[in-house]
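> Got a structure here, written out as structure tokens. Questions coming.
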Amino acid sequence: MKAGQPNARFLDAQVFKDFVLAPYREAKFGPHTGPFIFEFQRHGMSIEEFCSQLDRFFGELPKDFRYAVEIRIAGLLGADYHKPLETNGVAHVYNHWSYMPPLVEQHKRMETFTAPFTVLRLLTPLKISYEQAKKRAEPYNKIVGEHPEIRTDTVEFVKKVVAENRRAYVLVNNRAEGKAPLTVEALVDQLRA
């Protein structure tokens with residue numbers, strides 16, 4: 001019922017600090033996790049306004065946590081988006097998702113990494129909707145279709161990140177190839193080779 005309605009708490013740093021970071025700190029779980037990921041599929045703002053809000057939001061957050069932004073709007077990739085991430089040490093999430101450009105193209109548009117770490121999310125094959133990917137991959141018990149380009153791009157990306165003395169986080173979804181643990185094993189094998 002609230003779809004399309006303005007959210008008064010959109011990128012509200014105090015809400016995030018109170019309701020997410022405070023209990024997280026209290027649980028002392030930090031050493032076992034990676035960055036917090038903020039995912040945006042649409043936002044209804046100009047690029048300038050969205051990037052300004054990102055800059056303000058991350059500028060108000062404590063610096064002892066890692067943060068990453070995943071956008072699913074290819075038109076945002078570029079200098080305006082890069083600047084608030086780099087200013088605040090926030091990583092862009094390189095996502096292999098239905099309607100985003102390939103990982104290499106995303107990096108060309110970003111030009112450089114924006115944080116001392118980066119995140120890759122292998123979600124769906126390109127140009128396949130979430131629903132199609134889900135239907136194709138169920139019941140998630142085997143590889144239903146290898147995607148050599150996903151694997152090769154990911155391995156090359158991890159090598160590039162590590163060569164720059166950055167940490168790489170790779171998150172693999174079952175919908176990428178059918179069974180995430182098998183995709184992870186294949187990636188590890190390629191990295192070792």
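The values are calculated or read from the model by the stated rules, or taken from the named source; none is laboratory data. Being a predicted model, the structure only gives us computed values, none of them experimental. Virtual Cβ from ideal backbone geometry, glycine too; neighbours counted across all protein chains shown.
> Restricting the search to the range 114-171, which residues are among the aromatic types (Phe, Trp, Tyr), modelled with pLDDT under 95 and either in contact with a strand residue (DSSP E or B) (Cβ under 8 Å, 6 or more places away or on another chain) or under 14 Å from residue 104 (Cα atoms) (or both)?
157, the sole residue that qualifies.
> Here's something else I'd like to know. Consider the range 131-159. How many of its residues are hydrophobic (A, V, I, L, M, F, W, C) and out of contact with any Lys or Arg (no Cβ under 8 Å at 6 or more places or on another chain)?
Adding up the residues that qualify gives 4.
> Looking at 131, 185, 138 in this structure, which one is among the acidic types (Asp, Glu) and either in contact (Cβ under 8 Å) with a residue 24 or more places away in the chain or under 22 Å from residue 41 (Cβ atoms) (or both)? Even if it seems obvious, please write down each step before you answer.
On the way: 185 fails: either in contact (Cβ under 8 Å) with a residue 24 or more places away in the chain or under 22 Å from residue 41 (Cβ atoms) (or both); 138 fails: either in contact (Cβ under 8 Å) with a residue 24 or more places away in the chain or under 22 Å from residue 41 (Cβ atoms) (or both).
Among 131, 185, 138, only 131 is among the acidic types (Asp, Glu) and either in contact (Cβ under 8 Å) with a residue 24 or more places away in the chain or under 22 Å from residue 41 (Cβ atoms) (or both).
> Is it the case, given these coordinates, that residue 169 is free of Cβ contacts under 8 Å to residues at least 60 places away in the same chain and out of contact with any Cys (no Cβ under 9 Å at 6 or more places or on another chain)? Walk me through how you get there before you give the answer.
On the way: free of Cβ contacts under 8 Å to residues at least 60 places away in the same chain: no; out of contact with any Cys (no Cβ under 9 Å at 6 or more places or on another chain): yes.
It is false that residue 169 is free of Cβ contacts under 8 Å to residues at least 60 places away in the same chain and out of contact with any Cys (no Cβ under 9 Å at 6 or more places or on another chain).
> Taking residue 152 as meeting all but one of (1) in contact with a helix residue (DSSP H, G or I) (Cβ under 8 Å, 6 or more places away or on another chain); (2) assigned to a loop (DSSP other than H, G, I, E, B); (3) without any contact (Cβ under 8 Å) to a residue 40 or more places away in the chain, write down the number of the exception.
(2)
> Moving on. Consider the range 168-193. How many of its residues are touching a Phe, Trp or Tyr at 6+ places or on another chain (Cβ under 8 Å), of a type in the set (Lys, Arg) and either surrounded by fewer than 20 Cβ atoms within 10 Å (Cβ to Cβ) or under 14 Å from residue 151 (Cβ atoms) (or both)?
1
> For residues in the range 92-148 being among the β-branched types (Val, Ile, Thr) and in contact with a helix residue (DSSP H, G or I) (Cβ under 8 Å, 6 or more places away or on another chain), which is surrounded by the fewest Cβ atoms within 10 Å (Cβ to Cβ)?
Here is the first cut: in the range 92-148, the residues among the β-branched types (Val, Ile, Thr) are 93, 104, 112, 114, 118-119, 124, 128, 143-144.
With the extra rule that they be in contact with a helix residue (DSSP H, G or I) (Cβ under 8 Å, 6 or more places away or on another chain), the set shrinks to 104, 112, 114, 118, 124, 128, 143-144.
Values: 104: 14, 112: 8, 114: 22, 118: 25, 124: 27, 128: 17, 143: 14, 144: 16.
The qualifying residue surrounded by the fewest Cβ atoms within 10 Å (Cβ to Cβ) is 112.
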